Amino acid sequence: MRVLVTGATGFVGSSLVPALLDAGHEVVAMTRDADRYDPPDGVDVVEGDLLEPETLAGDFDGIDAAYYLVHSLQTGGDFEERDRRAATNFSAAASAAGVDRVVYLGGLGETGDDLSPHLRSRQEVEQLLARGSYDLTTLRAAIIVGAGSVSFRMVRQLVSKLPVMVAPRWVYTECQPIAIADVVSYLVGVLAEPATAGGTYEIGGPEVLTYKEMLVRTGEAMGTRPLIVPVPVLSPKLSSYWVDLVTDIPRSISHPLILGLKNPVVVTDDSIDRHVTVERTPFQQAVERALAEESA
């Protein structure tokens, strides 16, 4: 297939592009500034900004399938509005060009009115993309562990800078982290399985952990063991302020992520296993691999 990857320069996209090449696809990478992107050999590059629909002219021509990996959280401000516009513009351009399939990497989590703005936006994007004339495949994931992951960087910096951590009640929230290599395997795998067209699937690693367990086990991989003292009256909003003090994550990113920690993000439907087989990476191995890549 001829496959377009939006968000090709991002954390997930930069790993997905070479994997698609290895799977035998023709790959087109979309970026806002082609001069700042050094693509792998064999990758075609097109310029386009999903917030500016006029820049997308011709980008989807001849494309069989497209990946939507765009997330406006890292640019600050009203990320929900920007994600809404980007998804709407993508859907219109892909539909007009006759794209057959779209694959979206969204957020794992329950539905309802109590969702954080971050998780609510991920679900809204999924709904907007579903309006297109193509077949949409959605993969929903929780924290992705890998070098370059903002969520993992936040965990690593908390552990390294706070040997004693006064933590809110969200440390007992359950999460199902997944290694970046496994996410890429699922993203490539669903494209090869026509039966996944139009489906929504949950993906996660082999272990369900609380955030406290994630912090402790990340610390152990770094040669330390943080002491975590839960304080139930400390809300996610208040805890986001001490995250500002000890990490270099911009508050425009860290605050929405922290507010989302009150929502459990655990796989409740394993139907993806009927279509794509992935030998899932244990959490400790994923952490050790990420730490090694960051220090390389």
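In table form, for the structure just shown:
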{"item": "Amide H within-cut-off set for Y67, under 5 Å, with H built and near neighbours excluded", "result": "L4, V5, T6, V103"}
{"item": "Shape metrics for region 2-153, restricted to C-alpha atoms - Rg then Dmax, Å", "result": "14.8, 46"}
{"item": "Placed amide H near V45: partners under 5 Å, 5+ positions off or other chain", "result": "A29"}
{"item": "Percentage, to the nearest whole number, of Cα pairs in region 88-229 over 24 Å apart", "result": "41 percent"}
{"item": "Interatomic Cα distance distribution for region 174-228, bins of 5 angstrom, percent", "result": "4, 16, 19, 17, 15, 10, 8, 6, 4, 1"}
{"item": "In sequence order, calculated HN-Hα J values of region 173-187 (Karplus, 6.51, -1.76, 1.60; Hz; x Gly/Pro)", "result": "5, 8, 9, 10, x, 9, 6, 4, 4, 6, 4, 4, 4, 5, 4"}
{"item": "As computed over region 2-42, the Cα convex hull volume per residue (Å³)", "result": "62 Å³"}
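Only the coordinates and a few stated rules stand behind these numbers; no lab work does. Not measured: the values here are computed from a predicted model.
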